[in-house]
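**Student:** Quick one: the structure is below, and I'll ask about it shortly.
The values are calculated or read from the model by the stated rules, or taken from the named source; none is laboratory data. Everything numeric here is computed off the predicted structure, so don't read it as measured data. Cβ coordinates were reconstructed from backbone atoms using ideal geometry, including for glycine residues, and neighbour counts include every protein chain displayed. The accessibility values were calculated without ligands, DNA or RNA, using every heavy atom of the protein model including side chains. Shrake-Rupley method; radii C 1.70, N 1.55, O 1.52, S 1.80 Å.
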Amino acid sequence: MGNEFKESIYRAVNNANLTGALAKFSEAYKSNRAKAYEGIDFEELRGRIAELKSYAASHLDELSAQFQQQAEACGAKVFRTSDPAKVREYILKVAQDNNVKTIVKSKSMATEEIHLNPYLEKAGIAVGETDLGEWIIQLAGQTPSHMVMPAIHMTKEEVSDLFSKEVNERLTSDIPRLVKVAREKLRPTFLAADMGISGGNIAVAETGSIVLMTNEGNARLVTSLPRIHIALVGIEKLIEKFADVATILKALPRSATAQLLTSYVSIITGPTPNPDGSMKDMHIILMDNRRSEMAADPKFKQALQCIRCASCLNVCPIFRLVGGHVFGKVYTGGIGTILTAWFDELKKSEDIQGLCIQCGACKDVCPGKIDIPDLIMEIRRRLVQQQGVPLLQKTIYAVVNNRKLFHGMLRAASVAGRPFTSGKFIRHLPLFLADLTDGRSLPAIAEEPFRDRFSRIKQPKCKEKAAFYAGCLIDFAYPEMGEALIRILNKAGIEVLFPLDQTCCGAPARYNGAYEVAASNATDNITALLREDVSYVISACPTCTVALEHDFISIFESLGLTERLPQARLLAAKTVDFSTLVKKLVDEGRLSLKEGQKLGKITYHDSCHLKRALKVSEQPRELLTKAGYELAEMFECDTCCGMGGSYSLKLPEISAPILQRKLKNIKETGAPTVAMDCPGCVMQIRGGMDQDGAAIKVRHTVELLAEQVK
Amino acid sequence: MYEQFKTRAEAVSAEVCRFTTKSEALEYLIGFLRREGVADTPQASALWADCSFLEGLDRDTLRQVAGVKFDVTREGASQARFGISQMEWALADTGSLAQNSTAIEQRLVSSLASIHIALVPTSGLLPDMPSLLVRVRPQDCRYLAMITGPSRTADIERVLTIGVHGPDRLIIVFVDELGGTN
Ligand code: SF4
């Protein structure tokens, strides 16, 4: 990661205005959004959107041609090009041919994508943004920090300073007054403008219509008052059918701003009369700029299902800390990373793709049903393909990939680490052989790893057998979790096997784009875990479970290693996470918990991979409640804890504040214990609590339940 | 449907009322304009765009009684405080109004004035947007405008503020006599 980039992060996380505004907004957003979607089957709705947008993405050429034909039949001029330079030239030519002096614009990301304003201004044409947020940042000489709320990073005081200069009058920071000032100042600009430029939220091929949505009403003026109207539309905005406009409009405002509908929606089909009685000179530019290439890419085609609601930004735990500027100038957040990699160039996404912690929050809310985290992983993989793995990481993977060497080093570390041990924690854990930073203590490497303890565990002989996949953290840092798991399964009449040649699940390599290494890890583990005939392969680490159940398959698929797929699928079918299996055993009456226990308050933290990749959230809660705990839910229980594997090592400046929020939310429940199903989260949160000094116990559900089985 | 519409529209700060007859509606309208200080001076005048509500009414009397003008120009609209127009449809599930706004006059009075008074035939109530979109042919309805509450922004510190570029008040007047009884 470049220094400049690290500095921009530093500036952002230390900008109290920015983080304050974003935090406030994102907290309110979640419940407002839920309310806006009340009574609507979101899954059904986004299924339809994904389908119609995906159809459009597969038929960009046909739809563009149909749109052109329809719009031209209505009298609009349609210009299609793939080249941003041609777009700029076309607009300038129309302006110059018509002696245009001033232009008013309503918000359009496509014009920002091609840096239209500076180009026109250089040619001597005045360009005025009219969306209030865009106008503010235009006055401030900045770039938008959010796709829907461009000036969310600015305070009312900063805005009043800007406006005061504009109107030559000392204004207070009274917001309604500032808004009035903007209205009064911009009204003459609207009335004087010779040309209006808009974007388009949707373009309908069947009818040649464009759809514009605003809350302020500026798009209505931009498309009504000036005699010329140019709409710049990226071809990903095309849909086939007019009726489908309603489908998209059902989701877009709800997802964007938690509104049922924006104040104004205009559906424009060809030129309309001007105030002076003449007809509007209407131009629509359909811009490709690599969108067709994207559509032809089997992986990235789905990114064209985006309807630009920005909800992926609003729920992102990273975005709410750093805001948009860290991401770049135009498209921000998760989807912005993907669009930047394409519309700009892959290299430009090198730093920002690293911001994604893979928590999956965006994927859950995306109305276009885009697997944003997966696409970011794909960017990572392609970057690694293009540029290779950095040397240090290469060394690490070489180690991780060699089980004997890796495990040997971990053992050595347990000895080497001991001098630094303070109580249960040490300051340096060579788990991924990297330096760690402050904000949290890390566990000592266990003196005796689980794999060594296992042979001494006495188990009853049972007919049914399960293989335990420990993962590095339980094996080498938290062996007691593994022991607890065996105790529980034994009670249910299941004998636990521990195939010794299991190795790292490959997640560290995969999350860093090193798919070859991950594939080799996958192959080793499949061989080890399928050697004996077992009913289940159980893991108490959700990241490992996801690897066994999903990632091995997708890695083989993306590397074209199809011959390995049948075995990977076999393993996936047997794999189950701890809480799901135990819940099943309890429901089947094979396992009982002590009755009538009163264990007091507990709060539960949802691990990202468990909740969103494995869709497991109720099982551990039901088990803990059944055991006698009284569940006190924390605020944002399913927001990431900031661990993200090696993420916390690479971006501690982001990971640390995310952890602090989590600790605060845990403490506010007043529960003396917090439970979770992931050893990685335990490591992060226990370390944080330790530094914080709060007397709150941080436990894996497996440990808590082992105490309560009969 | 009317009740649902009213709830939804009021939730986004629109003001909603309903009358059985045109003359009741007219009486309310004139009273409203007077209360709000309509006058033939800049930023106080009222501009009424052509619509079926006006059929059979004596415009001269209206001019005298309420200081209303009927010749909609861009200059006139930018001077007007009140804009009056008739919207054809109302969407119950979002509290929105919709109109074929191809004629520029319709847009001028509803976008430049600071108070927009929208007359709506009660029969124009529809359940939702899909039922509107099957009714219009975009080729014959070049500018389909939907309006949901007054103009708003939250661009400064996320504080919801009413009235940026469009009207800061939206008064919706349903008139049963204009057609139907929904
Ligand atoms: S990717 Fe999905 S959530 Fe993000 S802006 Fe696009 S549609 Fe909205």
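**Student:** Do you know which residues across region A:51-77 are within 13 Å of another protein chain (Cβ to nearest Cβ) and assigned to a helix (DSSP H, G or I)?
**Tutor:** The answer is A:Phe67, A:Gln69, A:Gln70, A:Ala71, A:Glu72, A:Ala73.
Residue by residue, here is whether (1) open to solvent by less than 30 Å² (accessible area, probe 1.4 Å); (2) touching a residue at least 12 places away in the same chain (Cβ under 8 Å); (3) of a type in the set (A, V, I, L, M, F, W, C) holds:
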{"residue": "A:Glu158", "(1), (2), (3)": "no, yes, no"}
{"residue": "A:Asp161", "(1), (2), (3)": "no, no, no"}
{"residue": "A:Ser164", "(1), (2), (3)": "yes, no, no"}
{"residue": "A:Leu178", "(1), (2), (3)": "yes, yes, yes"}
{"residue": "A:Val181", "(1), (2), (3)": "yes, yes, yes"}
{"residue": "A:Lys185", "(1), (2), (3)": "no, yes, no"}
{"residue": "A:Gly196", "(1), (2), (3)": "yes, yes, no"}
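**Student:** Looking at region B:1-31 only, could you name the residues that are in a helix (DSSP H, G or I), open to solvent by 30 Å² or more (accessible area, probe 1.4 Å) and among the aromatic types (Phe, Trp, Tyr)?
**Tutor:** Hit for region B:1-31 is B:Tyr28, nothing else.
**Student:** Give the residues of region B:89-122 that are open to solvent by 10 Å² or more (accessible area, probe 1.4 Å) and part of a loop (DSSP other than H, G, I, E, B), sorted by residue number.
**Tutor:** Selection gives B:Asp93, B:Thr94, B:Thr102, B:Ala103, B:Ser114.
**Student:** Being modelled with pLDDT under 90 and touching a strand residue (DSSP E or B) at 6+ places or on another chain (Cβ under 6 Å) is true for just one of A:Leu410, A:Leu429. Which residue is that?
**Tutor:** A:Leu429
**Student:** Six or more apart or on different chains, Cβ atoms under 7 Å: show the pairs whose first residue is in region A:262-282 and at positive phi and whose second is of a type in the set (A, V, I, L, M) and crowded, with 19+ Cβ neighbours inside 10 Å.
**Tutor:** Pairs that qualify, where the first residue is at positive phi and the partner is of a type in the set (A, V, I, L, M) and crowded, with 19+ Cβ neighbours inside 10 Å, are A:Gly270/A:Ala71; A:Gly270/A:Ala76; A:Gly270/A:Met282.
**Student:** Further question on the same structure: Could you give every pair whose Cβ atoms fall below 7 Å, whose first residue belongs to region A:584-604 and is part of a loop (DSSP other than H, G, I, E, B), and whose second residue is open to solvent by 50 Å² or more (accessible area, probe 1.4 Å), counting only separations of at least 6 or pairs across chains?
**Tutor:** Cβ pairs passing all conditions: A:Leu591/A:Lys491; A:Ser592/A:Lys710; A:Lys594/A:Lys710.
**Student:** Return the residue satisfying two criteria in turn: it lies in region B:127-167 and is within 17 Å of the chain's Cα centre (by Cα) and open to solvent by 10 Å² or more (accessible area, probe 1.4 Å), and of such residues it is farthest from the other protein chains (Cβ to nearest Cβ).
**Tutor:** B:Ile162
**Student:** Now for a different question. Give the number of residues within region A:653-689 that are of a type in the set (D, E, K, R) and surrounded by 19 or more Cβ atoms within 10 Å (Cβ to Cβ).
**Tutor:** Final tally of qualifying residues: 4.
**Student:** Same structure, new question: Are any residues in region A:123-159 within 11 Å of chain B (Cβ to nearest Cβ) and assigned to a helix (DSSP H, G or I), and if so, which ones?
**Tutor:** A:Leu132, A:Gly133, A:Glu134, A:Trp135, A:Ile136, A:Ile137, A:Lys156, A:Glu157, A:Glu158, A:Val159
**Student:** Any idea which of A:Ile307, A:Ile318, A:Ile285 is under 21 Å from the mean Cα position of the chain (by Cα) and either under 27 Å from A:Gln69 (Cβ atoms) or modelled with pLDDT of 95 or more (or both)?
**Tutor:** The match here is A:Ile307.
**Student:** Of the residues A:Ser349, A:Ser311, which single one is near the ligand (Cβ under 10 Å from one of its atoms) and either in contact (Cβ under 8 Å) with a residue 40 or more places away in the chain or not β-branched (Val, Ile, Thr) (or both)?
**Tutor:** Criteria check complete, one pass: A:Ser311.
**Student:** For A:Arg380, state whether it is within 14 Å of another protein chain (Cβ to nearest Cβ) and either away from the ligand (no atom under 14 Å from the Cβ) or surrounded by fewer than 24 Cβ atoms within 10 Å (Cβ to Cβ) (or both).
**Tutor:** For A:Arg380, the condition - within 14 Å of another protein chain (Cβ to nearest Cβ) and either away from the ligand (no atom under 14 Å from the Cβ) or surrounded by fewer than 24 Cβ atoms within 10 Å (Cβ to Cβ) (or both) - is not met.
**Student:** Further question on the same structure: Given the conditions (1) assigned to a loop (DSSP other than H, G, I, E, B); (2) in contact with a strand residue (DSSP E or B) (Cβ under 8 Å, 6 or more places away or on another chain), and given that B:Asp50 satisfies all but one, which numbered condition is not satisfied?
**Tutor:** (2)
**Student:** Return the residues of region A:323-339 that are among the small types (Gly, Ala, Ser) and within 13 Å of the ligand (Cβ to nearest atom); say none if nothing qualifies.
**Tutor:** A:Gly324, A:Gly333, A:Gly334, A:Gly336
**Student:** Here's another thing I want to ask about it. For a quick check of your reading: which strands (runs of 3 or more DSSP E) sit entirely within region A:215-314 and have at least 3 residues that are more than 14 Å from chain B (Cβ to nearest Cβ) and β-branched (Val, Ile, Thr)?
**Tutor:** Those strands (runs of 3 or more DSSP E) span A:228-234.
**Student:** Scan region A:30-48 and tell me whether some residue there is within 13 Å of chain B (Cβ to nearest Cβ), surrounded by 13 or more Cβ atoms within 10 Å (Cβ to Cβ) and within 20 Å of the chain's Cα centre (by Cα).
**Tutor:** yes
**Student:** Could you tell me whether A:Gln619 is surrounded by fewer than 24 Cβ atoms within 10 Å (Cβ to Cβ) and either in contact with a helix residue (DSSP H, G or I) (Cβ under 6 Å, 6 or more places away or on another chain) or assigned by TED's automatic domain parsing to the domain that holds A:Cys541 (or both)?
**Tutor:** Answer is yes for this residue.
**Student:** Can you confirm whether A:Thr207 is under 29 Å from A:Val100 (Cβ atoms), assigned to a helix (DSSP H, G or I) and either open to solvent by 10 Å² or more (accessible area, probe 1.4 Å) or in contact with a Ser or Thr (Cβ under 8 Å, 6 or more places away or on another chain) (or both)?
**Tutor:** no
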